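Encoded as structure tokens, the structure appears first; notes follow it.
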Amino acid sequence: MRKSWQNKMKITAEQVFAGEEKVIARAISLIENERQQVFPLLKELYSRSELAYLLGVTGPPGSGKSTLVAKIVSGWVREGNKVAVIAIDPTSEFSGGALLGDRIRMDDISTNKDVFIRSMATRGYLGGLNPAIFDTVVVLSAAGYKKIVIETVGVGQNEIDIVSLADTTLVVTVPEAGDEVQAFKAGLMEAGDIFVLNKADHPEVNKMELVLKQMLRLGNTAGEQAENRWEVPIVKTIATTEKGIAELNKTIAEHQEFLTEKGENQKAPGKIISNHLIHLLEESLKRKYLDPLKESPAFAKLLQEIAAKKTDPYSAMEELMANFKERLG
Amino acid sequence: MTGKNIKVLIAKPGLDGHDRGAKVIARGLKEAGMEVVYTGLRQTPAQIVRAALQEDVDVIGLSILSGAHQELFPVIMDELEEAGLEDILVLAGGTIPDSDHQELKEIGIKEIFKPGTPIKEIVEFIEKELAE
Ligand SMILES: Nc1nc2c(ncn2[C@@H]2O[C@H](COP(=O)(O)OP(=O)(O)O)[C@@H](O)[C@H]2O)c(=O)[nH]1
Ligand SMILES: [Mg+2]
């Protein structure tokens, strides 16, 4: 039997452009597991295609993100778009495993020929977003998906990164969120382009809407002049029915239009690439230098010397850094 | 246990309405270090095959309680082959009488686990099969 990514199937850029699902799926597995092997392909895809429009969807677990994504995507497909969904769930720190359960809510779109859904685990990237996610966007864009949704949980560094990656970011919240609202204040409040107040069938919805409105008003007073600014709207939805979905899709389209009119200033594409380049460098420094270093006798020797108080971690670090500069040559 | 970099689809074909067993397996495999895609109740063969294709899984675990395995499993296996996915390791679990095991193995289902099988046994089976 196979492990899919160990299968040395050679994938060409032409195959990806042709858009066959099996090829796309295999390319993403290579991106996740055999990074260096796939860089030549990514180079070619990147230079020969344009990145798709990216919608980021974030918010606490259980707030209805996956259910909403299915509804948004249904609308887009009806308009004739090919759409891809990247659904990200956290990797367990203890086991390294992950439970990827977003498809449960995507039954309505899961057999649509114009929809490609891929579940991915975060795989514990300390510096933020797993670089494999951007690379997956490159592949899906090249394969002809003009709109891509990235669903991600919570309010950690990953999500802040998703925001810097996405053209439009939806922050999903629910009436019972309570404490989570505090968390929103810290990070995501400034980051959302559209707030979705889902589960509007909940009795507390009006109270929650007021709280959100107040918080947004505070955020909206700073910064750019009114005419250049996107006023962050709140859209109420019941994702389990169609309620509010048409309005949400309309609001998303308006934001996309707003970005187009504003040109490149808003999204700052330089920042996305800058982030990705840093992630790629971190990744390859770890692979080429830090991982082998950890296994080396020199490293073990230093640890012993630290234990024996012949040196200290700070001096050891300086020594290793000097050595590192040499290696980079 | 080291299920590192193994991706599994746990799917529930058939019309029965509860998935406790499937969830226990999904969680157990996750704790063994695998990445487990769980798709929920009442999946049609087409949904299962499409998910396996897009997710590029190494293993499919079919959980069934409804007794419709003889009807559904051959369809799933045929559609997998049609999609060029015949190299995926397919396992089954749930309420499947012993007398049906041979027939299911003949259509390509590698192993059938009875309810209550320790997760460790399933993990070891998967690891052994994928190492070959
Ligand atoms: N009452 C109600 N339930 C909802 C609504 N939207 C989603 N749900 C339910 O909330 C649960 C979590 O939904 P899910 O989409 O998986 O949330 P996620 O974890 O944010 O992706 C599911 O049981 C949904 O059926 C809604 O608007 N109202
Ligand atoms: Mg979800």
>> Which residue, B:Gln47, A:Thr260, B:Gly28, has the largest displacement toward the positive end of the dipole of the protein assembly as shown when charges sit on each Cβ (Lys, Arg +1; Asp, Glu -1)?
In response: A:Thr260
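Under 12 Å from the Cβ of A:Leu302, count the other residues' Cβ atoms, weight Lys and Arg +1, Asp and Glu -1, and hand me the total. Before the final figure, lay out the partial values.
Working: positive: A:Lys294, A:Lys301, A:Lys310; negative: A:Glu305, A:Asp312, A:Glu318, A:Glu319.
Surrounding charge for A:Leu302 is -1.
So what are region B:14-132's ellipsoid semi-axes, whole angstrom, largest first, if each one is the square root of 5 times an eigenvalue of the alpha-carbon gyration tensor?
On the way: eigenvalues 68, 59, 47 Å².
Working through the eigenvalues yields semi-axes of 18, 17, 15 Å.
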>> Cut-off 11 Å, label point 7 angstrom out along Cα-to-Cβ of A:Met215: give me the residues of region A:233-249 whose amide nitrogen falls inside.
In response: none
> Contour minus end-to-end for A:Ile273 and A:Lys22, with contour as 0.36 nm per residue of separation and end-to-end as the Cα-Cα distance?
Replying inline: 87.6 nm
> Reachable lysines from A:Lys309, Cα under 26 Å, same-chain residues fewer than 8 places away excluded?
Replying inline: A:Lys294, A:Lys301, A:Lys325
> For A:Ser47 and A:Lys325, FRET efficiency with R0 = 25 Å and r from the beta-carbon atoms, rounded to 0.05?
Replying inline: 0.20
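Anything over 30 Å Cα to Cα? Flag those among A:Lys286/B:Lys23; A:Lys147/A:Lys243; A:Lys113/B:Lys23, in the order listed.
A:Lys286/B:Lys23
Need one value for A:108-118: mean number of C-beta atoms belonging to other chains within 10 Å of its residues' C-beta atoms.
Details: counts 0, 0, 10, 6, 1, 1, 0, 2, 3, 5, 4.
Across A:108-118, the average partner-chain Cβ count within 10 Å equals 3.
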> Non-local amide H neighbours of A:Val235 (under 5 Å, H modeled in plane, Pro and chain starts lacking H): which ones?
Replying inline: A:Phe195, A:Val196, A:Leu197
> Toward the positive end of the charge dipole of the protein assembly as shown, about the Cα centre and with charges on Cβ (Lys, Arg +1; Asp, Glu -1), which of A:Ile272, A:Ile245, A:Gln37 goes farthest?
Replying inline: A:Ile272
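Let's see if you can work this out: charge +1 on each Lys and Arg Cβ, -1 on each Asp and Glu Cβ, no other charges. What is the dipole magnitude of chain B about its Cα centre, in debye to the nearest 20? Kindly include the intermediate steps, with their values, before the conclusion.
On the way: 14 positive and 24 negative charges, 156 e Å.
Using only the charged Cβ atoms, the result is roughly 760 debye.
With a 10 Å Cβ neighbour count serving as the proxy for reagent exposure, in which order, fewest first, do A:Tyr53, A:Tyr289 appear? Intermediate results must be reported in sequence, preceding the final value.
Working: A:Tyr53 21, A:Tyr289 15.
Ascending Cβ contact count within 10 Å gives the list A:Tyr289, A:Tyr53.
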> Percent relative contact order of chain B, based on C-alpha pairs within less than 8 angstrom and at least six residues apart?
Replying inline: 26 percent
> With the dipole of the protein assembly as shown worked out from charges on the C-beta (+1 for Lys and Arg, -1 for Asp and Glu) around the Cα centre, which of B:Leu72, A:Ala121, A:Asn81 lies farthest toward the positive end?
Replying inline: A:Ala121
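Given the DSSP H assignment, sum -39500 (n - 2.57) over each helix run of at least 4 residues in the protein assembly as shown and divide by its residue total; what's the result at 222 nm in deg cm²/dmol, nearest 500? Numbers along the way, then the final one.
Working: 19 runs with 222 residues, N = 461.
Rounded to the nearest 500, it is -15000 deg cm²/dmol.
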> Rounded to the nearest 20 Debye, what is the dipole magnitude of region A:275-328 about its Cα centre when Lys and Arg each give +1 and Asp and Glu each give -1 at the C-beta?
Replying inline: 100 debye
> Order of A:Trp76, A:Trp230 from fewest to most other C-beta atoms within 10 Å?
Replying inline: A:Trp230, A:Trp76
> Magnitude of the Cβ-charge dipole of the protein assembly as shown, K/R +1 and D/E -1, about the Cα centre, nearest 20 debye?
Replying inline: 760 debye
>> With the crude spin-label approximation of a point 7 Å out along Cα→Cβ, what separation in nm comes out for A:Asp114 versus B:Glu124?
In response: 5.1 nm
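Past 21 Å, Cα to Cα, is the threshold; run A:Lys43/A:Lys146; A:Lys213/A:Lys271; A:Lys22/B:Lys30; A:Lys146/A:Lys213 against it and keep the listed order.
Working: A:Lys43/A:Lys146 19 Å; A:Lys213/A:Lys271 29 Å; A:Lys22/B:Lys30 25 Å; A:Lys146/A:Lys213 32 Å.
Those over the limit are A:Lys213/A:Lys271; A:Lys22/B:Lys30; A:Lys146/A:Lys213.
Quick note: the coordinates plus some simple rules give every number you see, no bench work behind them. Please read all numbers here as calculations on a predicted model, not as lab measurements. Cβ atoms come from the backbone with ideal geometry, glycine included; neighbour counts cover every protein chain shown.
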